[in-house]
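Heads up: the structure comes next, in structure tokens.
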Amino acid sequence: MGERLLLRGNEVIAEAAIRAGCQCYFAYPITPQAELLEHMANNMPRLGRTFIQAESELAAISMVYGAAGAGVRTMTSSSSPGISLKQEGISYLAGANLPCVIVNVVRGGPGLGNIAPSQCDYFQATKGGGHGDYRLIVLGPSTVPEAGELTMLAFELADQYRIPVMILADGLLGQMMEPVELPDPIDPASLPAKEWATTGAKGRAPNIILSFEMDPEGLKQINDDLQAKYRTITKNEVRYEQTDTDDADIVIAAYGTIGRICKSVVRMARAEGIKVGLFRPITLWPFPTEPLKALSERVDTILSVEMSAGQMWEDVRLAVAERAKTPFYGETGGIVPTPRSILNEVKKHVR
Amino acid sequence: MSANPKNMVKVFERPASLTDAKFTYCPGCHHGLLTRIIGNVLDELDIADRTVGIAPVGCSVFAYLWYKADSQQVPHGRACAVATGIKRARPELIVFSYQGDGDFASIGTAESIHAANRGENITVIFVNNQIYGMTGGEMAPTTLVDQKTTTTPLGRDPKVAGYPIRFSEMIATLDTPIYVTRQALFDTKHIMDTTKAIKKAFQNQVDGKGYSLVEVLSTCPTNWRMSPVQSNKHVGETVTKVFPLGDLVDRG
Amino acid sequence: MERSIIIAGFGGQGVILAGKILAQAGMDHGLEVTWLPSYGPEMRGGTANCTIVLSDELVGSPIVDEATALIAMNLPSLDKFEHALASGATIVVNRSLIDCLVRRDDVKASYIDMNEIARDIVGNPRTINMVALGAYVKATGALPLQAVKDAMAHSMREAGKGKFVEMNERALDAGYNAA
């Protein structure tokens with residue numbers, strides 16, 4: 001860890017990727033993640049690494065596929081409409097068990113939407129997104145320092161499980177600045193070799209990267225293996241944060257930017273004598289179902305707050321079932337709920 | 001009287017760079033021939049153990065089975081982008097894509113042009129048989145005017161579907177490519193020419209020169225509804241009039 | 001103790017940079033900070049604003065319902081944000097471009113002729129953002145002036161504009177003295 005620097009979320013994700021040993025970065029420009037691209041353009045060539053501004057999102061994610069298949073740490077980034085275009089490649093990456101990191105600095109949708117912060121891509125990120133039965137590990141940072149930490153973690157998890165990992169940020173987190181201590185860099189040469197990668201079949205049988213199997217029994221086996229991997233990840237990698245939940249009458253469930261905003265709500269509420277807690281999922285997939293279920297045994301109400309029409313809310317309700325009330329408050333279109341508006345919502349549900 | 005095998009001299013054998021897997025191609029299709037040529041070139045240049053081949057979507061989707069080399073099977077049309085990723089990640093590898101006309105010249109148009117324009121140091125084999133073989137004989141971007149396919153049952157009408165794209169000529173307008181050529185396989189002379197072109201396209205990459213594209217006019221007897229002999233004749237007499245053979249760029 | 005400051009004005013008035021320097025100064029002074037810009041088309045003309053939170057503890061929300069201060073560099077900024085302030089907040093008003101008074105009576109206003117001070121006293125109209133920041137520091141006591149000067153110098157040198165440090169120090173002083 002070094003000195004404290006004041007940096008933008010987008011820059012921190014880019015710099016953390018470099019420090020995680022990302023050797024190839026491919027992307028197409030889109031607001032509000034342009035600074036990420038620019039940081040990579042300024043720094044990757046200087047380090048003897050690859051930066052390519054791709055001709056399209058399809059090309060960028062396919063370049064990631066090639067580089068991941070060749071066994072190096074690789075990343076792409078975009079924002080909502082661009083991530084939709086990448087879904088083809090993401091499905092292939094998942095099917096071929098390739099590790100990579102994909103950053104989505106989410107903006108308002110659907111369609112061209114706008115460039116304001118939003119959480120409207122939760123379904124797309126956590127339920128698969130492209131074609132086929134697959135999952136990504138999805139990490140939802142709520143602060144600029146956490147965006148850096150989770151980017152480092154994303155590369156580790158991607159390699160450990162041979163899976164694409166998505167950082168689900170939003171325009172606010174990408175654009176804001178906050179003090180950060182950057183992690184120590186990892187030397188890519190120190191990373192373990194990937195025996196499965198297409199590095200040239202010298203003295204060994206050829207390695208083949210593919211997501212293709214014509215035989216239904218064979219493809220079933222591939223799917224079974226994927227599902228087994230997902231179960232292992234669900235068992236080992238759930239991450240979440242609880243704030244002031246011990247004595248809470250009502251708990252807010254919120255992730256990412258809204259997760260941090262709700263920390264202010266907890267403080268404001270407690271100053272008024274309202275016992276509010278916060279449950280903040282950090283892994284959006286695997287979703288912290290069991291901890292939330294346990295929490296629902298002892299609180300009356302779990303209020304989901306999102307910058308969407310209620311997407312994570314579905315996972316909250318699946319976890320909580322009938323054990324607690326599960327109201328929802330959300331804003332769409334790039335409107336960010338303020339602490340006051342969330343507190344007002346909390347008060348509606350307090351006896 | 002039968003010859004004693006012990007006294008026989010082997011004059012023809014499977015290239016060492018190819019596996020024993022049986023081709024999935026139809027009789028008379030040029031894919032098998034072309035795969036052999038690539039295998040021979042990998043042998044001659046002694047590069048199979050540092051080569052990564054890219055299998056597209058189309059009839060050659062199984063191309064990863066043919067070579068004793070690493071392979072990546074990739075999304076339809078994205079071969080040149082994947083090749084870019086591999087080559088940039090590990091420049092010491094020899095990377096080639098093997099793509100049909102639908103893959104290279106239709107759904108992969110952007111990837112094909114921009115990899116060429118960046119001058120990626122890769123070798124692209126573009127197999128032009130003017131039809132979508134695997135999905136059942138639909139129109140390709142290279143389908144000839146009046147050619148009947150399952151989606152142009154009355155023949156390709158330029159007023160509806162435009163004219164066949166001469167994609168290699170488009171690539172040849174770019175400043176970056178080192179070598180762009182169109183070859184064919186309908187007779188022995190042209191098989192020899194194609195072999196030379198493919199060897200040159202790989203040698204360029206070995207020498208670090210940059211992007212090489214070899215378009216190969218190929219046959220599809222099954223979907224053309226022609227015999228293999230008629231198909232070869234069709235390429236020599238008709239297809240080559242629309243897609244003239246020869247080098248379009250040679251900056252090697 | 002948490003302070004939240006909105007700096008708003010025309011694109012080109014340097015409000016984004018002023019905010020970054022204030023946030024940097026806060027961080028260097030040992031505080032937790034966030035800096036949140038408006039972003040998008042308005043970066044290329046039109047209005048621009050940013051919100052800075054300075055706090056003794058980790059900042060929860062980087063957006064604020066009721067800021068404790070506003071630096072209004074032009075009239076649209078005053079109109080837009082005057083209602084978004086806490087009771088008792090401070091407004092630093094650029095009187096050069098705002099010819100009306102603050103309407104609320106529960107806030108403290110400090111009227112500064114930013115354009116004239118930048119042009120006539122400092123000698124460069126582009127320094128109005130530092131004039132504004134100096135005035136804010138005086139009006140609120142949020143940070144020592146020297147901390148802001150240091151952060152400004154750091155920012156200028158990092159951008160390869162070290163030769164402008166002295167001029168911008170004078171602008172901070174001029175704003176400070178005018179408030």
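Condition check ((1) β-branched (Val, Ile, Thr); (2) under 23 Å from the mean Cα position of the chain (by Cα); (3) buried (at least 16 other Cβ atoms within 10 Å of the Cβ)) across all residues:
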{"site": "A:Ile252", "(1), (2), (3)": "yes, yes, yes"}
{"site": "A:Ile258", "(1), (2), (3)": "yes, yes, yes"}
{"site": "A:Ala269", "(1), (2), (3)": "no, no, yes"}
{"site": "A:Pro291", "(1), (2), (3)": "no, yes, yes"}
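Identify, by number, the condition in (1) more than 18 Å from the chain's Cα centre (by Cα); (2) charged (D, E, K, R); (3) at pLDDT 95 or above that B:Arg78 doesn't meet.
(1)
For the stretch B:137-162, give me each residue that is under 27 Å from B:Ala81 (Cβ atoms), of a type in the set (Gly, Ala, Ser) and either out of contact with any Gly (no Cβ under 9 Å at 6 or more places or on another chain) or in a helix (DSSP H, G or I) (or both).
Selection gives B:Ala161, B:Gly162.
List every residue pair whose Cβ atoms sit under 8 Å apart, with the two residues 6 or more apart in sequence or on different chains, where the first one lies in the stretch C:139-158 and is under 18 Å from C:Val92 (Cβ atoms) and assigned to a loop (DSSP other than H, G, I, E, B) and the second, anywhere, is at pLDDT 95 or above and of a type in the set (Lys, Arg).
Matching pairs, first to second residue: C:Ala142/C:Arg3.
Here is a check on your reading of the model: is A:Glu11 free of Cβ contacts under 8 Å to residues at least 40 places away in the same chain and within 17 Å of the chain's Cα centre (by Cα)?
yes
Would you please name the residue that is surrounded by the most Cβ atoms within 10 Å (Cβ to Cβ), looking only at residues in the stretch C:158-172 that are closer than 15 Å to C:Ile21 by Cα and in contact with a helix residue (DSSP H, G or I) (Cβ under 7 Å, 6 or more places away or on another chain)? Explain how you work it out, then say what you get.
First, pick out the residues of the stretch C:158-172 that are closer than 15 Å to C:Ile21 by Cα: C:158-159, C:161-162, C:164-165, C:168-169, C:171-172.
The next check asks that each one be in contact with a helix residue (DSSP H, G or I) (Cβ under 7 Å, 6 or more places away or on another chain); those that pass are C:162, C:164-165, C:168-169, C:171-172.
On the way: C:Gly162: 11, C:Phe164: 18, C:Val165: 16, C:Asn168: 26, C:Glu169: 22, C:Ala171: 28, C:Leu172: 26.
Here the residue is C:Ala171.
Applying the selection to the stretch B:47-100, what residues are within 7 Å of chain A (Cβ to nearest Cβ) and of a type in the set (Lys, Arg)?
Once the filter is applied, which keeps residues that are within 7 Å of chain A (Cβ to nearest Cβ) and of a type in the set (Lys, Arg), the stretch B:47-100 yields B:Arg50, B:Lys68, B:Arg78, B:Arg88, B:Arg90.
Can you tell me how many residues within the stretch C:99-119 are without any contact (Cβ under 8 Å) to a residue 60 or more places away in the chain and either buried (at least 24 other Cβ atoms within 10 Å of the Cβ) or of a type in the set (A, V, I, L, M, F, W, C) (or both)?
Initially, the stretch C:99-119 is screened for residues without any contact (Cβ under 8 Å) to a residue 60 or more places away in the chain, giving C:99-109, C:111, C:115-116, C:118-119.
Within this subset, residues satisfying the condition of being either buried (at least 24 other Cβ atoms within 10 Å of the Cβ) or of a type in the set (A, V, I, L, M, F, W, C) (or both) are C:100-102, C:107, C:109, C:118.
Result for the stretch C:99-119: 6.
Return yes or no: is A:Ile102 part of a strand (DSSP E or B), β-branched (Val, Ile, Thr) and more than 11 Å from every other protein chain (Cβ to nearest Cβ)?
Yes, satisfied.
Among the residues of the stretch C:120-155, how many are crowded, with 17+ Cβ neighbours inside 10 Å and farther than 15 Å from C:Ile21 by Cα?
So the count comes out to 5.
Restricting to the stretch B:204-221, what's the tally of residues that are out of contact with any strand residue (DSSP E or B) (no Cβ under 9 Å at 6 or more places or on another chain) and assigned to a helix (DSSP H, G or I)?
1
Kindly indicate whether A:Leu5 is hydrophobic (A, V, I, L, M, F, W, C) and within 9 Å of another protein chain (Cβ to nearest Cβ).
Criteria met by A:Leu5.
For A:Gly203, are the conditions met, namely being loosely packed, with under 15 Cβ neighbours inside 10 Å and either without any contact (Cβ under 8 Å) to a residue 24 or more places away in the chain or more than 14 Å from chain B (Cβ to nearest Cβ) (or both)?
Criteria met by A:Gly203.
Would you confirm whether any residue within the stretch B:120-139 is of a type in the set (Asp, Glu) and either within 14 Å of chain A (Cβ to nearest Cβ) or buried (at least 18 other Cβ atoms within 10 Å of the Cβ) (or both)? Before you say what the answer is, go through the steps one by one.
Initially, the stretch B:120-139 is screened for residues of a type in the set (Asp, Glu), giving B:120, B:138.
Keeping just the survivors that are either within 14 Å of chain A (Cβ to nearest Cβ) or buried (at least 18 other Cβ atoms within 10 Å of the Cβ) (or both) gives B:120.
Yes, the conditions are met somewhere in the stretch B:120-139.
This table checks each residue for (1) buried (at least 22 other Cβ atoms within 10 Å of the Cβ); (2) among the hydrophobic types (A, V, I, L, M, F, W, C); (3) within 18 Å of the chain's Cα centre (by Cα).
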residue	(1), (2), (3)
B:Glu215	yes, no, yes
B:Arg225	no, no, no
B:Glu237	no, no, no
B:Thr240	no, no, yes
B:Pro244	no, no, yes
B:Arg251	no, no, no
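Looking at A:Pro45, A:Pro29, A:Pro99, can you tell me which residue is over 20 Å from A:Tyr122 (Cβ atoms) and within 16 Å of the chain's Cα centre (by Cα)?
Working: A:Pro45 fails: within 16 Å of the chain's Cα centre (by Cα); A:Pro29 fails: within 16 Å of the chain's Cα centre (by Cα).
Checking each option against the conditions leaves just A:Pro99.
Which pairs do you get when a residue that is touching a residue at least 60 places away in the same chain (Cβ under 8 Å), found in the stretch A:33-56, comes within reach of a residue that is part of a helix (DSSP H, G or I), reach meaning Cβ atoms under 6 angstrom, with the pair 6+ apart or on two chains?
A:Gln33/A:Asn10; A:Gln33/A:Gly174; A:Glu35/A:Asn10; A:Glu35/A:Glu11; A:Leu36/A:Asn10; A:Leu36/A:Ile13; A:Leu36/A:Ala14
So, in the stretch A:324-345, how many residues would count as being more than 14 Å from chain C (Cβ to nearest Cβ) and surrounded by 15 or more Cβ atoms within 10 Å (Cβ to Cβ)?
Qualifying residue count for the region: 7.
Only one of these conditions is not met by B:Pro91: (1) over 23 Å from B:Asn204 (Cα atoms); (2) surrounded by fewer than 24 Cβ atoms within 10 Å (Cβ to Cβ). Which number is it?
It is condition (1) that B:Pro91 fails.
Please specify each residue of the stretch A:47-85 satisfying the condition of being within 11 Å of chain B (Cβ to nearest Cβ), assigned to a helix (DSSP H, G or I) and not small (Gly, Ala, Ser).
Passing the criteria: A:Glu57, A:Leu58, A:Ile61, A:Met63, A:Val64, A:Tyr65.
Exactly one condition in (1) of a type outside the set (D, E, K, R); (2) closer than 22 Å to C:Ala72 by Cα; (3) not in a helix (DSSP H, G or I) is not met by C:Leu172; state its number.
(3)
Based on what the data block shows, is A:Asn10 away from chain B (no Cβ under 14 Å), more than 14 Å from A:Ala147 (Cβ to Cβ), not aromatic (Phe, Trp, Tyr) and not in a loop (DSSP other than H, G, I, E, B)?
So A:Asn10 does not fit the description; no.
For A:Glu217, are the conditions met, namely being touching a Leu at 6+ places or on another chain (Cβ under 7 Å) and surrounded by fewer than 17 Cβ atoms within 10 Å (Cβ to Cβ)?
Taking the combined requirement at face value, the residue does not satisfy it.
Please pick out the residue among B:Met134, B:Met170 that is of a type outside the set (Gly, Ala, Ser), on the phi < 0 side of the Ramachandran plot and not in a loop (DSSP other than H, G, I, E, B). Break it down into steps so the answer makes sense when it comes.
Working: B:Met134 fails: not in a loop (DSSP other than H, G, I, E, B).
Sole residue among the options that is of a type outside the set (Gly, Ala, Ser), on the phi < 0 side of the Ramachandran plot and not in a loop (DSSP other than H, G, I, E, B): B:Met170.
Could you look through the stretch C:19-35, keep only residues that are assigned to a helix (DSSP H, G or I) and either under 14 Å from the mean Cα position of the chain (by Cα) or of a type in the set (Gly, Ala, Ser) (or both), and pick out the one that is surrounded by the fewest Cβ atoms within 10 Å (Cβ to Cβ)?
My answer is C:Lys20.
Checking the structure you have, find out if any residue of the stretch B:40-58 is among the hydroxyl-bearing types (Ser, Thr, Tyr), in contact with a Cys (Cβ under 7 Å, 6 or more places away or on another chain), buried (at least 24 other Cβ atoms within 10 Å of the Cβ) and touching a residue at least 24 places away in the same chain (Cβ under 8 Å).
Checked the stretch B:40-58: no residue is among the hydroxyl-bearing types (Ser, Thr, Tyr), in contact with a Cys (Cβ under 7 Å, 6 or more places away or on another chain), buried (at least 24 other Cβ atoms within 10 Å of the Cβ) and touching a residue at least 24 places away in the same chain (Cβ under 8 Å).
Which residue, of A:Ile302, A:Ile342, is in contact with a Cys (Cβ under 9 Å, 6 or more places away or on another chain), aliphatic (A, V, I, L, M), over 30 Å from A:Phe155 (Cα atoms) and modelled with pLDDT of 95 or more?
Of the residues listed, the single one that is in contact with a Cys (Cβ under 9 Å, 6 or more places away or on another chain), aliphatic (A, V, I, L, M), over 30 Å from A:Phe155 (Cα atoms) and modelled with pLDDT of 95 or more is A:Ile342.
The values are calculated or read from the model by the stated rules, or taken from the named source; none is laboratory data. Bear in mind that the values here come from a model prediction, so they are computed numbers and not experimental data. Using ideal geometry, Cβ is built from the backbone for each residue, glycine included, and neighbour counts are taken over all protein chains shown.
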